[in-house]
Every structure is written in structure tokens, then in C-alpha cells.
Amino acid sequence: MTRLMLALCTLVFGLFCLSLLVGPARIAPADSLLGLLRGGLDPVAMVMREIRLPRAILAVLVGGSLGLAGAAMQGYLRNPLAEPGLIGVSASAALGAVIAIQSGLAAAFMLGLPLMALAGALVGVMLVLALAGPRGGALTLILAGIAISAMAGAITQLVLNLSKNPFAVNEIVFWMMGSLADRSLTHVWLALPFTLLGWLVLARLGRGLDALTLGEDAAATMGVHLGRLRLMLVLGTACVVGAATAVAGTIGFVGLVVPHLLRPLVGAQPSRLLPASALGGAAMVLAADIAVRLVVPERDLKLGVLTALVGAPLFLHLIYKTRKEQP
Amino acid sequence: MERRIALSTLVCVRLSRLISAVAALVLASALAGAPALAGAPQRVVSVNLCTDQLALMLAAPGQVISVTKLAAVPRVSTMAAQAADIPANSGLAEEIYMLQPDLVVAGRFTDRATLDMLRRLGVPVEVFSPAYALQDVPQRVRQMGQALGRVAEAQALVQRFEADLAAISTPGPRPRAALYYANGYTSGDSSLAGQILRAGGFDNIAQELGAIGALPLELLAMANPDVVVTGQPYPGASRAEAIMQHPVVAQLKRQHTSGTMTDRDWVCGTPYVLRAIADMRALRAQLEAQR
């Protein structure tokens, strides 16, 4: 394990512990950790095990997924602008999740929610890859992303507006901005299998992505099956983004910022960027989730607000750089 | 359990007096066909759920020509049966104006643009503030009586309401309760729901915590109330209501006693808040029986 990975692991672990200690109920750190281990039905144990622990675990799962998916997509398309949130994959996953909830599928069948979100993400990824083409030029990628995001977002809002439930319309904000507030262990169990499966699929792409940096022909001569690589990328991304979006809504810019920051530190090698980016994503979402609880605790600030505040300026910087490189 | 039934029967008996008073009022005016006073508005349109109910309780037959769509929904309206035969509106200036009303009754939070347009078009608009306390109920009833030219009917209803309210006493220990709505909201004593809870013989944990609006789930768990009172979920799922099924809330409800807010009695400041208070007193009796 390199020094970078060690540092990232320490960072994630530290933020995970901090996440367990921060919350509106003022519990002394020692008490809260004891409550976590003790179990039972007393209030401290309930708060720790049913509110804070799921929240911290989900932050790691969601952040890791978004970081990993971002790095994998950027590696495949060889374009630093590819990111699940930006190119509409998260938005289409959210659409799937909303349809599952509103149609009653999520209530009737336990895995209905993550499966529908996965299906949404699958459609989103395939559309992006089809529209952007195998080379994924910056312009087509962004245009495809805008179109898919707008479409999926509009249908999501339409479904919520047509709902019989008076509270449904307010949820547009959640599906646009994402939040980890008041999730439970049920959500962890829903997301975990798909997330782990997706991580496994994406983590194995490293060698193929490394070869792809030399160009498609070179990669093919090195024995990389491009069609298979693409299929695995689509499936893996759909799994992780679908599961993450189903439980936490759409959290943007994580998959953009994290690989961008870490790329120079791993020598721009995709196989090394993948795990680093997963850890970096987990750290970023953990940090953002701690921040929403500290900045304005009484306001239920959404996660996506913070990640966008960090991510959007970087996005502009990337576009500016891309433009300068073009003649 | 028997004690609980006995107590709730007692509460119900008193309450049925009020309900029969409302029914009698509606029925009497229907049978006698008592026309509204001369000079009183003859074509009243209501664009707010709460004014719908007040207007239907007090109006002469045929005096209210349109109410909101919600007024006929039994879940949120105490006057659903009466509203069923009255054409519904969806609160848009255009359709209201086409009804040619001589009075529009609206809530404080009805769309300002709609009301301004109606006023510009020369339609009188009477605005009702929401009830924030039990004391606001008689005032709103009187205001509606004035607006509709049904002062005597309003006075009769107010007298009955005040007598029934004064008759409620809740001696003994006051269990700690939490009101917990969709999106994790709660209300304190300076709200109608908070006052209903207090009149039902409970102390509100929102008051201890100084929580206004959102009550973080963690604080609810730490406060460990004797009773959690939640809303009824609406048809069609929502994430906002899913919080009421969170393991922590479910555990609190299992461990202790739980109550349900019947929206129609809790939302609007009509005399039917007495029914909500009766529900809370029955809940408290149930809690005492368990101890």
C-alpha cells in the first residue's frame, strides 16, 4: 500500500469517526461510542445505532461509489468532464427511484427501489455512451449530459407533481440535491449488495483502462476486449450510481472533483486512480455531510449544495482549460 | 381497556352535543330554507379549506356556491358530506370570477396575486387568518358569521364551543408527548396542534427542547417521550412521510403508546378541534391504564 492510499484510508477513518460524533443531540464522545457498542433500547444507543451509524456508513458507500464511477468513466472516455452527476446518470437513477416509490413498487417489493434506480442509471449510462461515442469528445459529452439531465429531471418532477400525496412535490429538492439525513440501517442493507457488486466490477477495469490510455488500437493489440470493457463499465456504474441515488438522492460533482484532485498524485494512471478516487469520494461525502450538520444544523441543508459549491468552480476551470487546448 | 372505553364514551357524549349542534344548525337552515339576511352575500365562494368548513357550518342553504376540492375529502374536511354536492373550485382567479361571486372568503396564505386580481375586478374578499390557538376559534367563527350575515348562528355555535371547552379539565399527571409530522416537523404550544395536545392533558416535548419547526430525529430519540403523535400517511408514498416509519420512531411507538392526528380535526380552527382534544384525552386515559 502506497503512502497516498494510507493517508486516504486514515482520512476516511477519521472522518467516519467524526461523523459518528456530530449531531444535534449533544452526547459526549465517550458516551456515544459506548452507546454504539452497548446496544439495547436506551436513547443514546438508539441515536448511535439507528441514526448516526447508518448515516456514516452510507456516506462512505455513496461517496466511494461516486468517486469510483467518476474515475472509471473519465478513464474510459479519456475526458475529465465525465461524471455521473454531471452527465445525467444520477438524474436518470433518481427518475427510476421516484417511479418505484410513486408506483408503489418500492413498498410492495423490498428491492424494488434499488433495482428501479439501477435500471434508470443503466439507461442513463447507455444513452451517454451512445451519444458521446467511444471517444467521448468534450462537447458531445456535455451536450448529452445536459439533455439527459434535463429530461430525467423534468420527468421526475412531472411524476412528483402528479402524485396524490401532498408532500411529494417537496421531494424534488431531495432528488436534485441529495441528503443523508435520517436514513436508517434499512437503507444501508438496500444499497450495500448493489454497491459492493458495482465496486467489484469497476475495480477490475484498471488494467483495461491503463491500456486504453495508449489509444484504442494499442489497447486492442494488448488483448483488451473493448466491447467487454465498455459493458462492464456500464453495468458497474449503473450498480453503484443506482444504489447511491436510491438512498441518498442526486449528489453531484463528487465524481468530478475527486479524480481531478488525485490524478496528479497517482501519476495519471487509471488503475491506481480507481481505488484512490473511491477513498477520496468517501472522504469528500463524509466531510460534506459533517459540514451540513455543523454549518446550519437546524436547516437540513442538502448535501448537493456543498458539493456543488466546491465542484462548480472546478468544473468551470476544467472547461476553460479544455477550451484553451482546442485551436 | 374498559376504563378507556368508558372514558372515551364520556368524552364522546359531550362531543356529540357539539356535533349535533352543528348538524342541527345545518339541518334547521336547510329545512326552514331560512334565507340569508337581506344585504348579506348570496353567492359566496370559498378558496381555502378552513374557510370552506366555517362557511358550510354557518351559511344559509344555497348561500355558498363553491368550495375547494379538498372540502369534499373526508380525510381533511369535517364538512365533507355537506361539501359533496357543492361545485368545487381550484382557487384560480379566472374560474372564481366566472362564478360571479358577491363574496370570496380566503385564508391568509391564499395566493396574493389571485386575491389582488379579484379585488381589482370588484369582488369583495374577506381574508381569515389561520387559528394559532383555541381562543382563535370563536373569533374566526364570529368573523365568518359577520361576513355571511349569519351572526346569530355564529353566536350560538360559539357559545356551545366555549361551554364545551370550559368543561374540559385534565387533572392528574401530564405525560410528555411529541407531535411528529412529515419531514420531521413538530409544533410547540403557540400553535393550534400544540394547544390541542395541551388541552388533552399532555406536556409537549417541543416546549422542553425549544424546538420550532424541524425536530431532528436524534433529539426526538433523546427526549424519549411517553407518547409520539404522528399524522396519518396520505395515499401515494412520499419520502417526507417515510420518516414516521424510521426504526427510531417505530421503536418509540412500540415502547410507549402512540397516537394519530386525524387531520380533519387538527388542521383548521373549527369547533371540531374539540374532537381532536377528546382523542388526546382518550389517549392519555389509555396511557394511564397501562401504568
**Q.** So A:Thr195, is it away from chain B (no Cβ under 14 Å), hydroxyl-bearing (Ser, Thr, Tyr), touching a Gly at 6+ places or on another chain (Cβ under 9 Å) and in contact (Cβ under 8 Å) with a residue 40 or more places away in the chain
**A.** yes
**Q.** Filter pass, A:Val173 being within 14 Å of another protein chain (Cβ to nearest Cβ) and in a helix (DSSP H, G or I)
**A.** yes
Q. Which residues, counting only those in the stretch B:242-291, are without any contact (Cβ under 8 Å) to a residue 24 or more places away in the chain and either assigned by TED's automatic domain parsing to the domain that holds B:Ser77 or not in a helix (DSSP H, G or I) (or both)?
A. B:Arg291
Q) For the stretch A:25-80, which helices (runs of 4 or more DSSP H) that fit wholly inside it have 3 or more residues that are free of Cβ contacts under 8 Å to residues at least 40 places away in the same chain and open to solvent by less than 50 Å² (accessible area, probe 1.4 Å)? A) A:29-38, A:43-46
**Q.** Hits in the stretch A:77-115 (condition: more than 16 Å from B:Ser238 (Cβ to Cβ), among the hydroxyl-bearing types (Ser, Thr, Tyr) and modelled with pLDDT under 90)
**A.** none
Q) If the Cβ limit is 9 Å and pairs must be 6+ apart or interchain, which residue in the stretch B:99-118 that is under 24 Å from B:Met57 (Cβ atoms) and without any contact (Cβ under 8 Å) to a residue 60 or more places away in the chain pairs with which residue that is open to solvent by less than 20 Å² (accessible area, probe 1.4 Å) and of a type in the set (Gly, Ala, Ser)? A) B:Leu99/B:Ser66; B:Leu115/B:Ala93; B:Leu115/B:Ala106; B:Leu118/B:Ala93; B:Leu118/B:Ala106
(Q) Looking only at the stretch B:199-241, how many residues end up being open to solvent by 10 Å² or more (accessible area, probe 1.4 Å), assigned to a helix (DSSP H, G or I) and more than 9 Å from every other protein chain (Cβ to nearest Cβ)? (A) 4
Q.
Please determine whether any residue of the stretch A:305-312 is touching a Pro at 6+ places or on another chain (Cβ under 9 Å), open to solvent by less than 60 Å² (accessible area, probe 1.4 Å) and more than 14 Å from chain B (Cβ to nearest Cβ).
A. no
Q: For the stretch A:247-289, enumerate the residues that are without any contact (Cβ under 8 Å) to a residue 60 or more places away in the chain, among the aliphatic types (A, V, I, L, M) and not in a helix (DSSP H, G or I).
A: A:Ala268
Q.
For the stretch A:213-224, check the following and say yes or no: at least one residue is of a type outside the set (A, V, I, L, M), touching a Gly at 6+ places or on another chain (Cβ under 7 Å) and either open to solvent by 50 Å² or more (accessible area, probe 1.4 Å) or part of a helix (DSSP H, G or I) (or both).
A. no
Q | Members of the stretch A:129-162 that are in a loop (DSSP other than H, G, I, E, B) and at pLDDT 85 or above | A | none
Q: Mind listing just one residue for me: the one in the stretch B:242-265 that is under 21 Å from B:Leu192 (Cβ atoms), open to solvent by less than 10 Å² (accessible area, probe 1.4 Å) and of a type outside the set (D, E, K, R) and, of those, nearest to the other protein chains (Cβ to nearest Cβ)?
A: B:Met261
Q.
Please verify whether A:Ala168 is open to solvent by less than 60 Å² (accessible area, probe 1.4 Å), small (Gly, Ala, Ser) and either within 12 Å of chain B (Cβ to nearest Cβ) or over 21 Å from B:Leu217 (Cβ atoms) (or both), treating the condition exactly as stated.
A. yes
Q: Might you let me know whether the stretch A:1-14 holds any residue that is open to solvent by 30 Å² or more (accessible area, probe 1.4 Å), more than 14 Å from every other protein chain (Cβ to nearest Cβ) and part of a loop (DSSP other than H, G, I, E, B)?
A: yes
Q. Among the aromatic types (Phe, Trp, Tyr) and more than 24 Å from B:Arg43 (Cβ to Cβ) - does that describe any residue in the stretch B:111-131?
A. no
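The values are calculated or read from the model by the stated rules, or taken from the named source; none is laboratory data. Quantities reported herein were computed from a predicted structural model and do not represent experimental measurements. Cβ coordinates were reconstructed from backbone atoms using ideal geometry, including for glycine residues, and neighbour counts include every protein chain displayed. With ligands, DNA and RNA removed, areas are computed over all heavy atoms of the protein, side chains included. Shrake-Rupley method; radii C 1.70, N 1.55, O 1.52, S 1.80 Å.
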